[in-house]
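Right, one structure below, let's go through it.
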Amino acid sequence: MQLGGESYMSSTEATKKRDFVLTIEGLTVSFDGFKAVDDLNLYIDKNEIRVVIGPNGAGKTTVLDLICGKTKATSGSIKFKEKELTKLSEYQIVREGVGRKFQNPSIYENLTVFENLEVSYPKGRSVFGALAFKRSAEVISRVKDIAKEIMLVDFLNTEAGLLSHGQKQWLEIGMLLIQDPELLMLDEPVAGMSARERELTGDLLKRICANRSVIVIEHDMEFVKAIAHRVTVLHQGKILKEGSMEAVQKDPKVIEVYLGH
Ligand code: ADP
Ligand code: MG
């Protein structure tokens, strides 16, 4: 592989000139010789909602694992603005402004919505312990703003365990938003949601991308159509097709390996 080499430059000359939030080039991860992600190039714009689709096992979740540092790359580069993420720990990557939501919500079921947001507030992670710090006016006002954004302002004192499945997903998105990430990554956020909850989640993502870029992995094509600025189709660790939803939907290769099923 020739990162930055002549042959590489020529193929991506147009994209190189732009100011991407995330620039992934030549990214490969090999698990015992099996390449789950294989020489991937991916460029995400500011304020973009990018949806990644593809059959099970295509490598979608692994791409997010690589970006957030949960999995270490075998080779290649992941640049978040000017920072090379492949050299950083998971914790440092969060500090740089990358938030990631996993498939199963990791909220504190026995804490209220308010408390869940409060412990996620960046200043809460002090040496005195997340719950021991004083509720400053700043924290309270930020928690309320986020609760409004995620449609849970009437549930601030409700124990998170009592929320609906969809509301739990929103709470976890809120726990990421309160850290104000510049890049937010969501793995199948509307799985198991009602039609109404899916619609509200789409509206939520469209609102929050005004201040950040969002990468979403999703199978629900109606939802993808509603939110995606661009769609990347992954297959066997490689990009099969990338473009608008319309372009992707009518691509014969995409229909054959994914949409046709
Ligand atoms: P997707 O999210 O597109 O369904 P994944 O990224 O979860 O796919 O997985 C891609 C492939 O990589 C699968 O074949 C999976 O079994 C494999 N894989 C993922 N993580 C690991 C790991 N830590 N060790 C070994 N194989 C893995
Ligand atoms: Mg997955």
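The values are calculated or read from the model by the stated rules, or taken from the named source; none is laboratory data. Note that this is a predicted model, so its numbers are computed, not measured. Every residue, glycine as well, gets a Cβ built from its backbone with ideal geometry; the counts of neighbours run over all protein chains shown. Heavy atoms of the whole protein, side chains included, go into the accessibility calculation; ligands, DNA and RNA do not. Shrake-Rupley method; radii C 1.70, N 1.55, O 1.52, S 1.80 Å.
Looking at GLU96, GLU90, which one is acidic (Asp, Glu), open to solvent by 40 Å² or more (accessible area, probe 1.4 Å) and farther than 24 Å from LYS168 by Cβ? Lay out the reasoning, then the answer.
Numbers: GLU90 fails: farther than 24 Å from LYS168 by Cβ.
Result: GLU96 is the single residue among GLU96, GLU90 that is acidic (Asp, Glu), open to solvent by 40 Å² or more (accessible area, probe 1.4 Å) and farther than 24 Å from LYS168 by Cβ.
Could you say whether any residue in region 47-62 is modelled with pLDDT of 95 or more, in a helix (DSSP H, G or I) and away from ligand 2 (no atom under 16 Å from the Cβ)?
Looking for residues that are modelled with pLDDT of 95 or more, in a helix (DSSP H, G or I) and away from ligand 2 (no atom under 16 Å from the Cβ), one finds none in region 47-62, hence no.
Do any strands (runs of 3 or more DSSP E) entirely within region 147-261 hold 3 or more residues that are more than 22 Å from ASP65 (Cβ to Cβ) and touching a strand residue (DSSP E or B) at 6+ places or on another chain (Cβ under 8 Å), and if so, which? Give the steps one after another, and end with the answer.
Working: elements: 183-187, 213-217, 230-235, 238-243.
Because the criterion is at least 3 residues that are more than 22 Å from ASP65 (Cβ to Cβ) and touching a strand residue (DSSP E or B) at 6+ places or on another chain (Cβ under 8 Å), no strands (runs of 3 or more DSSP E) in region 147-261 meet it.
Go through region 181-220 and give me each residue that's within 16 Å of ligand 1 (Cβ to nearest atom) and open to solvent by 20 Å² or more (accessible area, probe 1.4 Å).
Answer for region 181-220, where residues must be within 16 Å of ligand 1 (Cβ to nearest atom) and open to solvent by 20 Å² or more (accessible area, probe 1.4 Å): GLU188, ALA191, HIS219, ASP220.
Taking region 71-104 as the region of interest, how many residues are touching a residue at least 24 places away in the same chain (Cβ under 8 Å) and outside any helix (DSSP H, G or I)?
Result for region 71-104: 18.
Taking ILE24 as meeting all but one of (1) part of a helix (DSSP H, G or I); (2) open to solvent by less than 20 Å² (accessible area, probe 1.4 Å), write down the number of the exception.
Answer for ILE24: the failing condition is (1).
Taking the stated definitions as given, is ASP65 without any contact (Cβ under 8 Å) to a residue 12 or more places away in the chain and either touching a His at 6+ places or on another chain (Cβ under 9 Å) or crowded, with 17+ Cβ neighbours inside 10 Å (or both)?
Working: without any contact (Cβ under 8 Å) to a residue 12 or more places away in the chain: yes; either touching a His at 6+ places or on another chain (Cβ under 9 Å) or crowded, with 17+ Cβ neighbours inside 10 Å (or both): yes.
In short, yes.
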